[in-house]
Amino acid sequence: MRERLLNAAGRGVVAVLLCLLVLPLAVVVATAFDASGAVAFPPRGLSTRWFSALLASSTWLQALLNSLVVATGTSALSTAVGVAAALGVRQLDEGRRRAVVALAVLPLLVPGVIIGVTTLTLFSQFGLQQSYVALVLAHSLWATPLAFSVIQASFARFDWQLHEAALDLGATPIRAFTGVVAPNVRAGLAVAALVAFVVSLQEFVIALFLSGPDTRTVPVAAWNSLRQSLDPVVSVVSALLLVAVVGLVVVVGALAGVGRFASDL
Amino acid sequence: MLELDDLTVTYGDLTAVDGVSLNVRDGELCCLLGPSGSGKSTLLRAVAGFEPPDRGRVRIDGQDVTDMPPHRRPTSMVFQDWALFPTKSVAENVAFGPKMRGVGRADRRAAAQEALKLVEMTDYAEADPTDLSGGQQQRVALARSLIVEPDLLLLDEPLSSLDRGLRETMQVELKRIHDRVETTMLYVTHDQNEAFTLGDRLGVMEAGRLVQVGTPEAVYTDPVDRFVESFLGSPNLITCRVVDVDEGPTVETPFGVRVPAPVDPDRLTLGDDLVVSLRPERLSVTAVPAAATDGGTGASVLATVVERVYRGSDVRLRLSVDETELFVKRPIGADGGLAAGDEVTVRWAPDEATYFDTSGARCR
């Protein structure tokens, strides 16, 4: 009896937490459909006019494109570096591997403002400020430790004897990786790429420092536009980003296998 | 064919393989036999290129491959739990080697079919390897290694995770395949029966060292030291005291009987310990009255039967002589229907026993 009550209470807490997480998102999505110009909840009348406004705005479309380019670049770079690093730490003994894995997450503890200021100073030396390259490199500082952790965890569960078997049968190290290792750790690789992508997509502070008029990402564009007035297009963009991220998670989950996906996260 | 010269592999402070030199002849099936931790698997992995040696050379067909990466070596390995690729079908697993060598799709499919035929697995070409039984996976792993026509096939306890009946079937099968393909094989096992069934020659390993190499018969009948004797023969080891050296070497057993020990007298010192090893199958047992007539050349002692175990092919007796236990293995019918509690005479021929000093070295 007591146990059942506790179970019910536990479920109630989880339900409340989920609501707290999901409701603000629902509010954002709802305000995107508000017919009036005000960002308000509940919406007064439904309309898709702000979606049309978004499509008509070259600034917003450019920002969406910028975000996609930077997030894709960050995802590719972080995953590649994460794979290389995870392969590298395999050669270390247990103690050193743990130390490196722990040290690797340190960049996550550096505040975005500091990364923003310092990378801006650095990249300006090479005339790279306001470029995609600068944004991708700076975002990768944050995304790579996350990608590395996920990949390292999935490598730790992989049976490396399969890798040896591939080498033994004449596969070069690269073909052994692409032909045998990658298909077996694809869930981990997909999750790492996804995490890096989302980290870049939502990152604001670093992008604020490093982006220029032509490379402004969505969060920076939203901030710019909100500084002047409450622009309903921001709600629309937020809703679209939300749908995009959820869609990506679903697609990656389906491709990589839902069970493995959850275990690698 | 395969030449190992002073091969040494260390992990930190641990010397896993310690100065091993070995020649494996062309077409030979050579077994490396030893208890777990004796370094036999590490030795095999060093030959495959997975463990860089600290010292020594590995040569295959006269070519020094010591510094060659695994994928360029003319070897192929069958792993202990087979290491089949779980994301590929059986046929894709077998065709992997040819694919890596740039063989075209149609040709490698045909080659895979041929290899699967050799191991009688053609019906499972499209199966998922994880759905196969242990014995079937073992066959696929063998086909996957043989298809690349290695100069040297390495097998790392490939049958150890199979149950006993299947293991014996697969031993016969492996022997058949070896006769047919005539590939040189280096086979690691901790199972003496397996090494004896399969090996043209065998090498016994202890603590990283290769202590003896020879045909199964030579190694079994003429062990170089006490370790090989114990590992292969499960003998009765009796620590005796040397009581006479010059007038025909004689030792006294812990149960008081003095017996001749035909050993080079130069190896013996009066009062030292000498370990006498008696193989269970070389002890004969007779009911007490017969003991009255001792031929004088043999050694005999009175004992009591503690336990008699009927094993179908033989009978095993556990005897006690004072504090000492003796194990005896006799053919069916040769023990005269003894039962627990019977008094018996145990007899052995001193020149059929083997003798070791306290360090374990053989005394001849």
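The values are calculated or read from the model by the stated rules, or taken from the named source; none is laboratory data. Being a predicted model, the structure only gives us computed values, none of them experimental. Using ideal geometry, Cβ is built from the backbone for each residue, glycine included, and neighbour counts are taken over all protein chains shown. The area values use the complete protein model at the heavy-atom level, side chains included, leaving out ligands, DNA and RNA. Shrake-Rupley method; radii C 1.70, N 1.55, O 1.52, S 1.80 Å.
What angle, in degrees between 0 and 90 and rounded to the nearest 10, separates the Cα long axis of helix B:134-146 from the longest principal axis of the Cα atoms of chain B?
Helix B:134-146 sits at roughly 60 degrees to that axis.
Could you work out the helix-only [θ] at 222 nm for chain B, with each DSSP H run of four or more residues adding -39,500 (n - 2.57) and the total divided by the number of residues, to the nearest 500 deg cm²/dmol?
Values: 9 runs with 85 residues, N = 364.
Only helices count here, giving -6500 deg cm²/dmol.
Taking the Cα-to-Cβ direction at residue A:124 and at residue B:302 and moving 7 Å from each Cα, how far apart do the two end points lie in nm?
Between residue A:124 and residue B:302, the simple spin-label model gives 10.7 nm.
Rounding to the nearest 10 and keeping the result within 0 to 90°, find how far the Cα-based axis of helix A:218-228 lies from the longest principal axis of chain A.
So the inclination is approximately 30 degrees.
Calculate the mean, over all residues of peptide A:171-183, of how many other protein chain Cβ atoms lie within 10 angstrom of the residue's Cβ.
Working: counts 7, 4, 3, 0, 4, 3, 0, 0, 6, 6, 0, 1, 4.
Per residue, the average neighbour count from other chains is 3.
Quick one: which residues, 5+ away or cross-chain, put their amide H under 5 Å from the amide H of residue B:342? H built at 1.01 Å from N.
B:305
Computed from the mean reciprocal separation of all distinct C-alpha pairs, what Kirkwood hydrodynamic radius does the stretch B:49-91 have, in Å?
12.6 Å
Could you pull out every residue, at least 5 positions away or on a different chain, whose amide H is within less than 5 Å of the one on residue B:202? Hs are placed 1.01 Å off N in the peptide plane, and Pro or chain starts have none.
Result for residue B:202 returns B:31, B:214, B:215.
To the nearest 10 square angstrom, how much accessible area does residue A:174 have with a 1.4 angstrom probe?
130 Å²
Taking θ as phi - 60°, what are the ³J(HN,Hα) couplings along the stretch B:261-267 by the Karplus curve (6.51, -1.76, 1.60), each to the nearest whole Hz, with x for Gly and Pro?
Values, residue by residue: 10, x, 10, 3, x, 5, 7 Hz.
Out of B:55, B:139, B:279, any idea which swings most in a Gaussian network model of chain B, alpha carbons joined below 10 Å?
B:55
Do you know the relative contact order of the stretch A:57-264, to the nearest whole percent, from alpha carbon pairs under 8 angstrom that are 6+ apart? Walk me through the numbers on the way to the answer.
Numbers: 234 pairs, mean separation 70.7, N = 208.
Once divided by the residue count of the stretch A:57-264, the mean separation gives 34 percent.
I want to verify the translational diffusion coefficient of the stretch A:146-265 in µm²/s; compute it with Stokes-Einstein, Rh as the Kirkwood radius over Cα pairs, at 37 °C and 0.692 mPa s.
Working: Rh = 16.9 Å.
Here the translational diffusion coefficient equals 194 µm²/s.
Check chain B and count each lysine pair with an alpha-carbon distance under 23 angstrom, considering only pairs eight or more places apart or from different chains.
Final tally of qualifying lysine pairs is 5.
Starting from the stretch A:1-107, pick out the trypsin sites (Lys or Arg not before Pro) whose DSSP state is loop and whose Cβ has at most 13 other Cβ atoms within 10 Å.
Values: sites: A:2, A:4, A:11, A:44, A:49, A:90, A:96, A:97, A:98; in loops: A:44.
The qualifying sites are A:44.
With no solvent and one equal point scatterer per Cα, compute the Debye intensity ratio I(q)/I(0) for chain A at 0.09, 0.15, 0.16 Å⁻¹ and report its log10, rounded to two decimals.
-0.54, -1.16, -1.23
Summing Lys, Arg as +1 and Asp, Glu as -1, what charge do residues with Cβ under 13 Å from the Cβ of residue A:237 carry, residue A:237 excluded?
0
Once you have a ≥ b ≥ c as the square roots of the Cα gyration tensor eigenvalues for the stretch B:189-296, tell me rounded if a/c is under 1.5, and otherwise prolate or oblate according to whether a/b is larger than b/c. Mind showing how you got there, number by number?
Working: a/c = 2.66, a/b = 1.57, b/c = 1.69.
Here the stretch B:189-296 falls in the oblate category.
What percent of all Cα-Cα pairs in the stretch A:1-113 falls into each 10 Å bin, going from 0 up to the bin containing the maximum distance?
Percent of pairs per bin, in order: 10, 17, 20, 24, 20, 7, 0.
Which of B:339, B:115, B:16 ends up with the largest GNM mean-square fluctuation for chain B, with Cα atoms connected below 10 Å?
So, out of B:339, B:115, B:16, the one fluctuating most is B:339.
Apply 1/(1 + (r/R0)^6) to the Cβ-Cβ distance of residue B:72 and residue A:243, taking R0 = 60 Å, and write down the FRET efficiency to the nearest 0.05.
So the FRET efficiency works out to roughly 0.75.
How big is the charge dipole of chain A about its Cα centre, in debye rounded to the nearest 20, if each Lys and Arg gets +1 on its Cβ and each Asp and Glu gets -1 on its Cβ?
With Lys and Arg at +1 and Asp and Glu at -1, about 420 debye.
Can you tell me the orientation of helix A:232-256 relative to chain A, as the angle in degrees between its alpha-carbon axis and the longest Cα principal axis, to the nearest 10?
The two axes meet at around 30 degrees.
Connecting C-alpha atoms closer than 10 Å in a GNM of chain A, tell me which of A:26, A:85, A:187 has the biggest fluctuation.
Ranking A:26, A:85, A:187 by mean-square fluctuation puts A:26 first.
What does the net charge come to around residue A:9 if you take all other residues with beta carbon closer than 13 Å to its beta carbon, with K and R at +1 and D and E at -1?
Local charge sum for residue A:9: +2.
What are the ³J(HN,Hα) values, in whole Hz, obtained from phi via the Karplus relation 6.51 cos²θ - 1.76 cosθ + 1.60 with θ = phi - 60°, for each residue of the stretch B:270-287 in sequence order, with x given for Gly and Pro?
Karplus values, whole Hz, x for Gly and Pro: 4, x, 6, 7, 9, 8, 9, 9, 10, 5, x, 7, 9, 9, 10, 10, 9, 5.
Tell me the mean residue ellipticity at 222 nm calculated for chain A from its helices only (DSSP H runs of n ≥ 4, each -39500 (n - 2.57), averaged over every residue, nearest 500).
After summing the helix terms and dividing by residue count, I get -25000 deg cm²/dmol.
Mind checking the stretch A:39-141 for chymotrypsin sites (Phe, Trp or Tyr not before Pro) that DSSP puts in a loop (not H, G, I, E or B) and that have at most 10 other Cβ atoms within 10 Å?
Answer by residue number: A:126.
Amide H neighbours of residue B:315 under 5 Å, counting only residues 5+ apart in sequence or on other chains, H built in-plane at 1.01 Å?
For residue B:315, the qualifying residues are B:330, B:332.
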